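These notes concern the structure reproduced below.
A short reminder: the numbers here are calculations on the coordinates, not readings from a lab. All values reported here derive from a predicted model rather than from experimental measurement. As a convention, Cβ positions derive from the backbone with ideal geometry for all residues, glycine included, and neighbour counts pool all protein chains shown.
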Amino acid sequence: MTNLKVLFVASELTPIAKVGGLGDVAGALPKYLKEDVDISVVIPAYQAIKEKVEYIPNSKVKIHYIDIPEYFSKRDKIYGYTDDPVRYAHFDVEVVNKIKDGAFGKVDIVHINDYHTSWIPILIKDRNIDGIKTILTIHNLGSTYQGRYSLDLLDHLNLSQIHPSVEEDKKDGEINPLLQGILNASIISTVSPTYAKEILEKEYGGDLDYFLNQRKDDIYGILNGIDTTIFDPKTDPNIYVNYDLSDYKEKKATNKIRLIEELNLKFSSSQPLYSFIARLDAQKGVSILTESIMLTEITLLTKSLQNVRQDSINFLFLGTGDEKIASKIKEIEASTNDVKLEFTFDPVLAEKIYAASDVLIIPSKYEPCGLTQMIAMRYGTLPIVRETGGLKDSVEDQINGFVFKEFDEVELKDVILESFKIFGTSKWDEMVKNAMRKDFSWDKSSKEYVKLYKKMTGIL
Ligand code: GLC
């Protein structure tokens, strides 16, 4: 272990304050980094945290909780307030105050994540703290994830100097915390090599591509891993029956039967189960999925009317989010027994679905990394993904999943039908085995972060 001292600052931390993929990364990556650097984690002291444990479970990574009662411990939700950017600006100020006071001891690197922690680099400059490098990891550049706010936000930061990046940002009458992170962090990383390239393009740059291009030489793409100790079909206590490569076939079938029983589905366990597990929002591509399901149903129905094949595909959705999207799925649900929506956010049910499904569909418009395709593969469930971001970097077409190119319902329908043709053949078995064998642990990626840390501090 080098004596590099790293402070990893995030707005979520699985399992202590779990919301999404960012929390999963914050809860896992530092555990692996701990083998190589001296790292601790800082998060807000949310009311939702029932027990403020001292360490990330099963590790020696210390957690520091920062409370500003009016913004954190007195609020019952983690996110979802109109003043969220104000809350996190105060959090960042407090983190930097504590760094300055020496409350975390010596700090060489502050590793920040997304807009919530993006004021930290400029605050470090503003408070004249020397000798600290910063790395910003972007988990999602979408325009709703940048923390944009009115200029009043600046009143909460007490900046003591004029900063060119703030002056530039103010011109459009708004302030953009993520942009401040992009312009002021020593280096930037994002969660897959492909997304690191995509964000330089207009289509994926969330209107910040111009600034990202200015920093092009400082942007790195490192693929996320998953916590393979939690996501393991051999030991996962949440699934109906455990399995591994030696007995997945019969055990996955049992998981499917049990899931159909538990959810009272009208599905047939002999037909393939295709699932979708994600937030119901536009980024996740639900619109092309619902269209393609209708097209698939029509094709299968025509075939069975012609007596070519008498079969169907069952589609299960798990997620909450946009009401309009949900009602579109409900509409299809009302017209067929093959489609069902479970409108809930339930991580335990999600794991049961990974174990029971044959296919997981991830038709995202963009996907910085995506963790569900990796979890699915580990559970022997083949992913169908669009060729973007981390999906492109983790799935190989017809080797361990299926990949389609354009964001288009006809292409998606074609790949669904193509996979359906292969279902039940020896090629399918080979693909499932390839998927289950693939190494998605953090071992490899965490080493890449360590390399970056060393490079930033001049050790390499
Ligand atoms: C965000 C991204 C997702 C990524 C996750 C963790 O949720 O949308 O693609 O996997 O962050 O980095």
- Message: Suppose the Debye formula is applied to equal point scatterers at every Cα of the stretch 1-135; what is log10 I(q)/I(0) at q = 0.18 Å⁻¹?
- Response: -0.99
- Please quote Rg/Rh for the chain to two decimal places, taking the Kirkwood radius as Rh and restricting both calculations to Cα atoms. 0.99
- Item | Neighbour cut-off at most 15 other Cβ (10 Å), DSSP loop, trypsin sites (Lys or Arg not before Pro), the stretch 104-157 | Lys106
- What does the convex hull of the Cα atoms of the stretch 248-437 come to per residue, in Å³, rounded to a whole number? 105 Å³
- Query: HN-Hα J couplings of the stretch 246-261 from phi, Karplus 6.51/-1.76/1.60, θ = phi - 60°, integer Hz, Gly and Pro as x?
  - Reply: 6, 9, 4, 4, 6, 6, 5, 4, 5, 4, 5, 4, 5, 5, 4, 5
- Size descriptor, Kirkwood hydrodynamic radius, that averages inverse alpha-carbon separations across the stretch 2-54, Å: 11.5 Å
- Note on the structure: Cα-based Rg/(2.2 N^0.38 Å) for the stretch 354-456, rounded to two decimals, is 1.16
- Item | Cα-Cα separations in the stretch 50-100 greater than 14 Å, expressed as whole percent | 61 percent
- Message: What's the ranking of 251-257, 96-102, 113-119 by average number of surrounding C-beta atoms within 10 Å, highest first?
- Response: 113-119, 251-257, 96-102
- Note on the structure: The summed charge of the Phe343 Cβ neighbourhood (under 14 Å; Lys/Arg +1, Asp/Glu -1) stands at -2
- Task: Could you list the square roots of 5 times each eigenvalue of the Cα gyration tensor of the stretch 195-273, that is, the equivalent ellipsoid semi-axes, sorted largest first and rounded to whole Å?
- Result: 43, 18, 10
- Given a cut-off of 17 Å, what percent of all Cα-Cα pairs of the stretch 107-147 lie beyond it? 33 percent
- Query: When the scattering of the stretch 118-223 is computed by the Debye formula from its Cα atoms alone, each counted once and equally, what is log10 I(q)/I(0) at q = 0.18, 0.19 Å⁻¹?
  - Reply: -0.87, -0.96
- Set of lysines with alpha-carbon distance to Lys266 below 19 Å, sequence-local pairs under 8 removed: Lys252, Lys256, Lys330, Lys340, Lys352
- When the charge dipole of the stretch 211-352 is computed with +1 on Lys and Arg Cβ and -1 on Asp and Glu Cβ about the Cα centre, the Cα farthest towards its positive end, among Leu223, Thr336, Phe276, belongs to Thr336
